[in-house]
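The values are calculated or read from the model by the stated rules, or taken from the named source; none is laboratory data. Owing to the predicted nature of the structure, the values given are computational and were not obtained by experimental measurement. Note that we place each Cβ from the backbone using ideal geometry, even for glycine, and neighbour counts take in every protein chain shown.
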Amino acid sequence: MHFNERIRSVLLVAALAAMSAHATAGARYDFGDDQYVTFGFSTRYTYTHAERPSAEGGGHVNNPNLDSARLYFGASLNKYVKATFSTEWDGAKERIRKLDMYAQFELAPEFNVWAGRFVGPSERANMAGPYYSVGGGYWPCVSSRYGCNGGTYVARDDGVAVWGNVAESRLGYSFGVFEGRNYGIGALNRYEAHQAGLKTSNDLMYSGRLQYDFWDLETGYFSTADHLGKADILAIGVAFRHQKNGVITLLGKGDYDSYSLDFQLEKNFKGSGAFGLEAAYYDYDTDGLVRSEQGKAYSAGVSYVFEREVGWGRFQPFVHWQRFNADTHVTTKQIDFGLNYVIAKQNAMVSATYSRNKVNQGGEDLNRFVVALQLQY
């Protein structure tokens, strides 16, 4: 089969997969040795009741919302060359947007190369994302600030990363070079800088992550923050991001740096359930230009998923705490108390979470009660 004919075959099968998704969710279609396409989708729907003193209607806000709706496409041309494409629903603009698009050259478990648009190496919370965090849908902006203020799309970037698992697969590494997109640090991005008449630079962003697994292995590029009793995990990870002239403001340009240390423990007690403990430390530096996003942050969480099923699934109570100390002496704290009903791991889950967010120095308390339905196919 000629190359062009092969590409047409891939596109044809992908289209068939999309049309038959309602009947064969999470489908894989093979058309040769190590040649296939995959299709899947996921969604999170929430109902939020919030209490904010400055809000209209006496401080009470009720908001049903489609938080996320994603389509996933994958393709494999042979054992070593693959590709991924995904989309996300943009509720603010009422349209579907590109989320990820990257080529995967998976040469060996010890050495892989990805190129395109995707999440760069970073802390565990960001590598797990909204669908694979404890509580489901947990997303940064208090302690883990990667993509903060810019949401899902700014957390992606165009670049190249190498990654793999060495030392008997216990040491995972990933290092990347990316364009750099401001990452929600409160400064101007390149387009805004040009509009303001400021000069920008073409300096790239460098990022990396190292993780060592003491118990069961976590291989692959992405992480999960909750194995739900399916593995015993004891892992420590470190990550960094650096971009020269990565902060652009009306006052000037400066370097952007961030460092993090994260810890994950999950222990299964056969016949009872699994206990989870997580913690992380963050250090953000904007070269003194955006002091509201410069400082230190902390997070910690505990959870317990029961082994016994009740009806369709298992219960998992959890508590999560976060704190960000900005160099402006403004402190943001948040604590979440929640209960998950796990039906099919992260593929089918119902969550109820009460959150309390406090900001000192003139900030107001925000209390929220959120019920979420998460489905993945």
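Residue count for the stretch 214-250, restricted to those that are out of contact with any Leu (no Cβ under 6 Å at 6 or more places or on another chain) and either hydrophobic (A, V, I, L, M, F, W, C) or more than 25 Å from VAL177 (Cα to Cα) (or both): 17. State yes or no: is ARG314 modelled with pLDDT under 95 and part of a strand (DSSP E or B)? No: the conditions fail for ARG314.
Per-residue answers, yes or no, for (1) touching a residue at least 60 places away in the same chain (Cβ under 8 Å); (2) under 30 Å from GLN376 (Cβ atoms):
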residue: GLY252; (1), (2): no, no
residue: GLU266; (1), (2): no, yes
residue: VAL305; (1), (2): yes, yes
residue: PRO317; (1), (2): no, yes
residue: SER351; (1), (2): yes, yes
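The residues in the stretch 353-372 that are surrounded by fewer than 18 Cβ atoms within 10 Å (Cβ to Cβ) and under 30 Å from ALA27 (Cα atoms) can be counted, and the count is 1. When THR249, THR224 are checked against the criterion of being under 20 Å from PRO121 (Cα atoms) and modelled with pLDDT under 95, a single residue qualifies: THR224.
Out of the residues in the stretch 280-311 meeting the condition of being among the charged types (D, E, K, R) and not in a strand (DSSP E or B), tell me which one is nearest to GLN243 (Cα to Cα). Only one residue tops the list, namely ASP287. Scan the stretch 160-196 for residues that are within 21 Å of the chain's Cα centre (by Cα), at pLDDT below 95 and among the small types (Gly, Ala, Ser) and jot them down. Result: GLY180, GLY184, GLY186.
Residues considered: THR286, THR328. Of these, the only one that is among the polar types (S, T, N, Q) and surrounded by 15 or more Cβ atoms within 10 Å (Cβ to Cβ) is THR286.
Of the candidates LYS93, LYS82, the single residue that is among the basic types (Lys, Arg) and closer than 21 Å to GLY172 by Cα is LYS82.
In a residue-by-residue description of the stretch 242-249, the property of being closer than 26 Å to GLU266 by Cβ, outside any loop (DSSP other than H, G, I, E, B), touching a residue at least 60 places away in the same chain (Cβ under 8 Å) and among the aliphatic types (A, V, I, L, M) applies to no position. Of the residues examined, PHE105 is one that is out of contact with any Cys (no Cβ under 7 Å at 6 or more places or on another chain), modelled with pLDDT of 95 or more and in a strand (DSSP E or B). If you check LEU339, LEU277 for being within 19 Å of LEU375 (Cβ to Cβ) and either among the small types (Gly, Ala, Ser) or part of a strand (DSSP E or B) (or both), only one passes: LEU339. Restricting attention to the stretch 226-278, the residues that are surrounded by fewer than 21 Cβ atoms within 10 Å (Cβ to Cβ), over 21 Å from SER169 (Cα atoms) and acidic (Asp, Glu) add up to 2.
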